[in-house]
Structure formats: C-alpha cells, structure tokens
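Notes for the one structure printed next.
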Amino acid sequence: MAKDNSNTIIERLKAEIANLDTAPVAQDVGRVVSVGDGVAEIDGLGEAKMMEMILFDDSSNKSLEEAMQSEGALYGLVLNLEEDSVKAVILGDASRVAEDMLARSTGRILSVPVGEELLGRVVNALAEPVDGKGVIKSEQYNPIERDAYSVLDRQSVDEPLHTGIKAIDAMVPIGRGQRELIIGDRFTGKTTIAIDAIINQKNEPKETRPICIYVAIGQKESKTARIVQQLEESGAMEYTVVITAPASAPAPLQFLAPFAGAAIGEYFMDSGRDALIVYDDLSKQAVAYRELSLLLRRPPGREAYPGDIFYLHSRLLERAAKLNDKLGGGSLTALPIIETQEGDVSAYIPTNVISITDGQIALDASLFNKGLMPAIDVGNSVSRVGSSAQTKAMKKVGGSMRVELAQFRELEAFMQFAQDLDEATKKRIDSGRRLTELLKQKNGEPIPFALQSLVIYAGVNGYLDKVPAENIVKVERKLRAFLTDQHPALVATVTKEKALSEKSEKELKEALKVFAEANKDLYTTE
Amino acid sequence: MNPNAYAKAMLSLSKEGHNTDGIVKGLINSLKARGALALLPNVLRAYTNLIARKSSDKPVVAVARSADAKEAIEQSGVPSDTEVVVDERLIGGYRLEQGGKLIDNTFKAKLLQIYRNATKA
C-alpha cells in the first residue's frame, strides 16, 4: 500500500516536472510599502485593475522549506488606484503581510465559485466553506462585481413570490424579480420575516421553487448558527445557500458578502430559474464600507459615509431582475434588510435604500411590543410592483383589507378620546380588531397561499364576525386544519388555479358554515 | 494638506532644475504662511520615500551565487553594470526586478511551483 502511494507521488512529480514551463515570464509586481488596519499600500503594480485580486507572495523573503510550510495563498483586493501606488484590502490574516513583501498581479477580477454544489452549504464572503462539510468542487466562477442587466434584457414582474406571511402576501405582495426592503428597529422581527419567506418556498412546487440565498452581514455567529439550524430543521437548507460575514470578520469581507451572494444568485437566474436573496443587513454593510473607505483615505461625506455609498447599494440591488424569455426568464428577488434607530426612516442609509427598492415592509416596535406579530406597519408598508404579480385569489380576498385596516388604526387612535361611538363606528372597530387578530402569525410557520386566501376570505366576508377577537387566532388555526383535512380538493384547486372560482367560492361558503356549526363554542352565542 | 503633494511638488521643481536651497526655503515659507510648519518632518519623509521609489525603477538581478551573476546578466539582457544581489535561498537561476515587472527564473520558484501543483487537492 505504502509502495503504491510512493509510486503515485513519484508519477505525479514526474508529470509536474514534464509539464513545467521553464520559459521566463515577466509578471506585474509591486512591493508593500505600508500595511495597517487590513489595508496595504503597494508600490508598483502599474497595470492593476480595480477589484483585481493580487497575491501577497510571502515566499519571496523565505527559504524554499519555509515557503513550503507557509499557510495557503493570501489575496488582496485592489480598491484604490493612485498615481504611483495602489491600495488593496487584505482578504485574510493581515498579520501575514509585511513591509517590502512582493505583491503579484493575478489579472483576475475577484470571483466566487457558483453552482449547484453550493446548495445546502454555509460559506464565507469568498464562497469558501465554513461548515466543515469539505471543499466545494465548483467549475464555474462568477465575478462578484458585474453590470446589472439592461432595460431590454428585463421584463415586468408578473409572478408572485409568496412569503407565507398573511399580512405580506395579502397587503404588500412581492413579485419574482422585485426588490422589497424590510425595515425596522432592532428586535422587530426583520430576520424572522426573511427566514419565513425562505422556509415557505418549501410549499412551492419543486420545478418553480426559488433557490434561496441568505447573506448574514455583521451578525453574531450564534445568530447565524441558529438560523442555519432552523433552516435545516424545516428542510429548507436543501435549496438554500448561507453566506456569512460575521461581526468578527474584517470589514472588506462584510462589504463583499452581499456582492458574492448576488453573483451566486445570478448563476441561478442566468440558468432560467428563480432565486431569492436576503441581505441581512445592508446597514451593517454600509458601516463596513465606511470603515474601509476611511482606511483608504477616501473623502468622508454625510455621517462620514463615502460619497459613493448610494452607488454601493444601487448597483447591488439593481442586479435583482426578472429576465425576459429570450434570456431564459429567470429572476432574482432581493429582500434587503435595514435596521433603523428609534424608528427613524429618514436617516441617511434608510432613505437611500427606500428610494432604490420597489417598496418596503415597515416593522413597528410598538406593534411588536403589543404582541402583534408580524409587527407590520400597514400604513408605511408598500409594494410598488407586487400587486401585478399577486394571484387572483389573493387579490379578490385581500383587496379591501389594506384600506379597512388603515381606517381601523385611525379610529383606534380616535377611540382613546371619544366616549360615545355610533354603531357603524363600533362595527368598524370590531371588524378591524378581528382582522388584526387574523393577521397574527407565529414565526417559523409560513402558510401556503391557498390556505391564506381561504382564511382571509372568511375574515373579510363576515364569516368570523361572530367570533370574539380573542378567539380569532384559535379559530383561524382550527379553520386551516379543517380546510386541509376536510377539504383538500378545494385547497388543491385554489393552489392550481391560483384563483377563487365561483365553484370554489361556493364550496368554501358551505365549508365555512359547517365549520361554524362544529365550533359553536368559539363563536358568540348571540 | 497632504505631505505627499508637497513632496511631489518639490521633486518636480528639482527635476526642472530649480535651486535646492530655494526649493527648501520656499517650502518652509509656504508652510509658515499656512501655519502648518509641523508638517515639515512628514513632507521630508514623503520626499525621501518618493526618491527611494524612483530609484527602484533601476533593474536589480538576484542570483544564488556570485559566480552566476555574469550568466544571469547575459540571459536577462540587462546592461552589464546592473546591480546584482546574492541570495542563497534562490538555490539557482536568476530573478530580475525592474519598474514593477518581475522575471522569476529561480530554481526556488520552479520547485515551489512543482510542490504546490503536486500537493493541490
């Protein structure tokens, strides 16, 4: 056995020696003149390109033996091209870079491996595995920076991407290829919405199920581990890639992670499939980019962010698209997340991203504290293109809901001061309360859209008017179970037709009557 | 103001043939007028670095043994008075570096290449 191994090694060495190119080749090189805070200034490299990877050659000052024992290759990323030098961020252990070290040009723009091999894996910002499941043998590499598709390459968003969250799918619908911002204070459930949306894709047929990419930027590693575990337990990891650039990662990796995610997502979009990417969160990426820019001595602007902070986010989010049929009809839907401070959506980064995206789901800390989860502020949430992608079934049942809830919120505030209310107002308030209760949903339990539309139908068409508000959550849960168990054909028809036909509506009405009869104890007796 | 900008200005004036004393006096007066005399050491350091960078444009040949120098100069096609550095770690061959270009034709580089290719997973 040992002899076989040594023979293999000898054969391999012979082959390497035979193939060795001994012709002298001129390489573009530079010398590190200063290094600090993860940024190296390199003299030379006259032909370096922006975003080019350079190789720090720590073997130049070492003997052959020492060089053979040194760790893996250490790369840098060119971010500043100056008159006599370049500035590069070090993508790894900066302590390995020393003054006068040789830096070689690679001629490669920073690329990451893409492909099916990444599914189910947890990788870092350079798409290197961090889950201990072995190397990723991918044959294709995509540049992390790429021009977004042009207007002519796209088509309008017309296919829904269901999140499994009633409040979103009914009132702030998202279409495949859309960019919908999730915005809110800390601990208001932003990540939960994104993760539920990923888990809900399990309810989609396999052939049209979007591939999901979750990019964790500047998050605690424990949080990312918890999310991965949740995705694994719900069976969502099989169609998901997790990219992590934790809070402990150097700023360049936190800045690059979303771009790496976009490159991976584009692979699936280019192959005619749908993909969903969650950037959690872009506020932290902006902070990392600010740190990087200040270290690169770029002039600071508002709140010390560099002047191109808007372009950073716009060029990233512009890569989300719905391609035309000629290009395969694939799509990349982006759900960027932004964390606000004390609900201030008018701060610099939130306003930037609000203006780039096609709508936002605003989360309100006061609703969250009242126990209304998901804590979606209906008044401030909007989807600019999603309604054209909404299914007919959902459009039919959820059309009036938004207005009704907005009116309820207004009346609710007024009610705190008013003593006597007329019957119509009281009725509207009761209905609003029931609707609010109906939209409550536990995290990690996304609901297929057909079931959502059926229960919302019951809510908006008066079938739950006799249920006290405090029983609504229980009734809704029971109703879903009842429809799934007793009327699977109805659910299947709505799922297939994506609409509530007259026949289905009739069947549903009958089913609701039977359900009310069977659950009299949960309804009021009057 | 950036010390590098002063250093570059000094270098270009020097290249244009201006008197060195005049350049230094002009620099000090200018810094005084701006209340930035504290920048002077940084400007001089930047100037020294700039001069060092410009001198790195000259070719340098590195060999493992001094006996290899003549052959290395011939092979690399550089002038015979080119600076030669002896570095035993190169094992054999030569390395030529000039103005941001490197020709690494050393045995060490080739052996390292064979080792890395052979041990690649």
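Filter the cross-link list A:Lys133/A:Lys202; A:Lys426/A:Lys513; A:Lys206/A:Lys513 down to pairs whose alpha-carbon distance in this structure exceeds 28 Å.
Values: A:Lys133/A:Lys202 23 Å; A:Lys426/A:Lys513 25 Å; A:Lys206/A:Lys513 35 Å.
With Cα atoms farther than 28 Å apart: A:Lys206/A:Lys513.
Which whole-number percent gives the relative contact order of chain A, counting Cα pairs below 8 Å spaced six or more residues apart? It would help to have the intermediate numbers written out before the result.
Details: 989 pairs, mean separation 77.7, N = 526.
Value for chain A: 15 percent.
Can you tell me, using C-alpha contacts under 8 Å and at least 6 residues apart, the relative contact order of chain B as a whole percent? Working shown, then result.
Values: 128 pairs, mean separation 24.0, N = 121.
Answer for chain B is 20 percent.
Put A:Arg121, A:Arg384 in order of accessible area, largest first, 1.4 Å probe: what do you get? Display every interim value, and only then the final one.
Working: A:Arg121 25, A:Arg384 130 Å².
Per-residue accessible area, sorted high to low, gives A:Arg384, A:Arg121.
Using 0.36 nm per residue, how much length does the chain from A:Met415 to A:Gln341 gain when fully extended, once their Cα-Cα distance is taken away?
Details: separation 74, 0.36 × 74 = 26.64 nm, distance 2.93 nm.
The span from A:Met415 to A:Gln341 would gain 23.7 nm if fully extended.
Tell me, how many Å apart are the Cα centres for the stretch A:1-65 and for the stretch B:19-61?
36
Given the Cα-Cα distance of A:Leu13 and A:Thr425 and 0.36 nm per residue of separation, how much length would full extension add, in nm? Show your work: numbers first, answer last.
Details: separation 412, 0.36 × 412 = 148.32 nm, distance 8.67 nm.
Stretched fully, the A:Leu13-A:Thr425 segment lengthens by 139.6 nm.
Restricting the count to DSSP beta bridges whose residues both fall in the stretch B:53-97, what percent are antiparallel, rounded to a multiple of 5?
On the way: 4 of 8 bridges.
Once the DSSP bridges in the stretch B:53-97 are tallied, antiparallel ones form about 50 percent.
Show me A:342-355, A:250-263 ranked by packing, highest mean number of other Cβ atoms within 10 Å first.
Values: A:342-355: 15.9, A:250-263: 26.7.
Listed from highest to lowest mean packing, they are A:250-263, A:342-355.
Ratio of the protein assembly as shown's C-alpha Rg to 2.2 N^0.38 Å, to two decimals?
Details: Rg = 32.2 Å, N = 647, 2.2 N^0.38 = 25.7 Å.
With N residues counted in the protein assembly as shown, Rg over 2.2 N^0.38 Å equals 1.25.
Taking a virtual spin label 7 Å from the Cα of A:Asn203 along the C-beta vector, which residues in the stretch A:375-418 bring their backbone nitrogen under 18 Å of it?
Output list for this probe position: A:375-376, A:387, A:389-399.
When we measure straight from the Cα of A:Lys509, which lysines land under 21 angstrom away, once same-chain ones fewer than 8 places off are left out?
A:Lys166, A:Lys392, A:Lys395, A:Lys396, A:Lys466, A:Lys474, A:Lys478, A:Lys496, A:Lys498, A:Lys520
Of all DSSP beta bridges in the protein assembly as shown, what percent run antiparallel (nearest 5)? Walk me through the numbers before you get to the answer.
Details: 54 of 85 bridges.
Beta bridges within the protein assembly as shown, antiparallel portion: roughly 65 percent.
With just the Cα atoms defining each centre, how far is the stretch A:121-194 from the stretch A:392-438? Give it in Å.
If you average the Cα positions of each part, the centres end up 34 Å apart.
Using helices alone, I'd like the mean residue ellipticity at 222 nm for the protein assembly as shown: each DSSP H run of four-plus residues gives -39500 (n - 2.57), total over residue count, nearest 500. Spell out each step's value before the answer.
Details: 22 runs with 267 residues, N = 647.
Helix contribution divided over all residues of the protein assembly as shown: -13000 deg cm²/dmol.
Can you give the convex hull volume of the alpha carbon atoms of the stretch B:1-55 per residue, in Å³?
Working: hull volume 3.8 nm³, N = 55.
Dividing the Cα hull volume of the stretch B:1-55 by its residues yields 68 Å³.
Can you give the mean number of other chain Cβ atoms that lie within 10 Å of the Cβ atoms in peptide A:12-18? Spell out each step's value before the answer.
On the way: counts 4, 4, 0, 3, 7, 4, 0.
Rounded to a whole number, the mean comes out at 3.
Could you work out the local net charge near B:Ala72, counting Lys and Arg as +1, Asp and Glu as -1, over the other residues with Cβ closer than 11 Å to its Cβ?
Net charge in that neighbourhood comes out at 0.
State, as an integer percentage, the relative contact order of the stretch A:297-344 based on alpha-carbon contacts under 8 Å between residues 6 or more apart.
Numbers: 23 pairs, mean separation 9.4, N = 48.
That works out to 20 percent.
What does the structure give for A:162-174 when I average, per residue, the other chain Cβ atoms found within 10 Å of the residue Cβ? The partial results should precede the final answer.
On the way: counts 0, 0, 0, 0, 0, 0, 0, 0, 0, 0, 0, 0, 0.
For this peptide, the per-residue mean of nearby foreign Cβ atoms is 0.
Specify the inter-centroid distance of the stretch A:234-300 and the stretch A:457-509, based on alpha-carbon positions, in whole Å.
40
With the cut-off at 1.5 for a/c, could you classify the stretch A:216-269 from its C-alpha gyration tensor as rounded, prolate or oblate?
In terms of gyration-tensor shape, oblate.
Taking the mean number of other Cβ atoms within 10 Å as a proxy for protection, how do you rank A:186-195, B:2-11 from highest to lowest?
Result, highest mean first: A:186-195, B:2-11.
Report the label-to-label distance for A:Ala489 and A:Glu99 in nanometres (one decimal), using points 7 Å from each Cα along the Cα→Cβ vector.
So the two model labels end up 8.4 nm from each other.
Add +1 for every Lys or Arg and -1 for every Asp or Glu among the other residues with Cβ under 12 Å from the Cβ of A:Arg298, and state the total.
Values: positive: A:Lys87, A:Arg290, A:Arg297; negative: A:Glu82, A:Glu291, A:Asp308.
My count for the surroundings of A:Arg298 gives 0.
With a Förster radius of 41 Å, plug the Cβ-Cβ distance of A:Lys49 and A:Asn443 into 1/(1 + (r/R0)^6) and report the FRET value to the nearest 0.05.
On the way: r = 45 Å, r/R0 = 1.10.
Result of the calculation: an efficiency of 0.35.
Across the stretch B:56-121, how many lysine pairs separated by 8 or more positions, or lying on different chains, have Cα atoms within less than 20 Å? Don't skip to the end; give the middle numbers.
Values: B:Lys58/B:Lys70; B:Lys58/B:Lys101; B:Lys70/B:Lys108; B:Lys101/B:Lys110; B:Lys108/B:Lys120; B:Lys110/B:Lys120.
For the stretch B:56-121, qualifying lysine pairs total 6.
Amide H to amide H, which residues 5 or more places from A:Gly301 or on other chains are under 5 Å from it, using H placed in the peptide plane?
Here A:Gly307 satisfy the definition.
Provide the FRET efficiency to the nearest 0.05 for the A:Ser355-B:Ala67 pair, computing r from the beta carbons and using R0 = 56 Å. Could you put the intermediate results ahead of the total?
Working: r = 70 Å, r/R0 = 1.24.
Once rounded, the FRET efficiency stands at 0.20.
Place the peptides B:100-108, A:449-457, A:134-142 in order of packing, highest mean first, counting for every residue the other Cβ atoms within 10 Å and averaging per peptide.
A:449-457, B:100-108, A:134-142
The values are calculated or read from the model by the stated rules, or taken from the named source; none is laboratory data. Worth saying up front: this structure is predicted, and the values here are computed from it rather than measured. Every residue, glycine among them, receives a Cβ derived from its backbone with ideal geometry; neighbour counts consider all protein chains shown. For accessibility, only protein heavy atoms count, side chains too; no ligands or nucleic acids. Shrake-Rupley method; radii C 1.70, N 1.55, O 1.52, S 1.80 Å.
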